[in-house]
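The values are calculated or read from the model by the stated rules, or taken from the named source; none is laboratory data. None of these values were measured; they are calculated from a predicted model. Note that each Cβ is placed from the backbone with ideal geometry, even for glycine, and that neighbours are counted across all protein chains shown. The accessibility values were calculated without ligands, DNA or RNA, using every heavy atom of the protein model including side chains. Shrake-Rupley method; radii C 1.70, N 1.55, O 1.52, S 1.80 Å.
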Amino acid sequence: GAPDSDSTVCGFQTFLKIFGGTASFAWIGVITYVMYNLLLRSDKWDKFKVDRYKLYFHAFCWSFAFLNAIIPSAGGYYANTSAWCFIEQSQTGILLRLFCYYLWVV
């Protein structure tokens, strides 16, 4: 079963769910950007330019995912929502769901 709403495990589960979803979205965006540049702007982009920007891509994706996940988790806006823990269903929780998860994942 899912952990209790007030437990640290519930907050960690919420963090991981949001972190994984937004990191996936960010990496899909980076892959799309790189593929676009390699295929359609090949006169300005090559393997070496991709390697040069790799650190920036990592910094963006992981920072973006971390910030989106830490806000509801550290703020305590999580609860056992049935089968797993996620952002609670209060007014603030619904706004956090929109801006920290649904806006990026859907």
- Only residues that are over 22 Å from residue 105 (Cβ atoms) and among the charged types (D, E, K, R): list them for the range 1-43, please. 4, 6, 41, 43
- Note on the structure: With criteria (1) open to solvent by 40 Å² or more (accessible area, probe 1.4 Å); (2) farther than 21 Å from residue 104 by Cβ; (3) not small (Gly, Ala, Ser), residue 50 comes up short on (1)
- Options 57, 86, 64: the member that is open to solvent by less than 60 Å² (accessible area, probe 1.4 Å), touching a helix residue (DSSP H, G or I) at 6+ places or on another chain (Cβ under 9 Å), at pLDDT below 90 and of a type outside the set (Val, Ile, Thr): 86
- Item | The lone exception for residue 34 - which of (1) over 28 Å from residue 98 (Cβ atoms); (2) within 20 Å of the chain's Cα centre (by Cα); (3) in a loop (DSSP other than H, G, I, E, B) it fails | (3)
- Task: Select from the range 44-73 the residues that are touching a residue at least 40 places away in the same chain (Cβ under 8 Å) and closer than 21 Å to residue 7 by Cα and list them in ascending order.
- Result: 66, 68, 69, 70, 72, 73
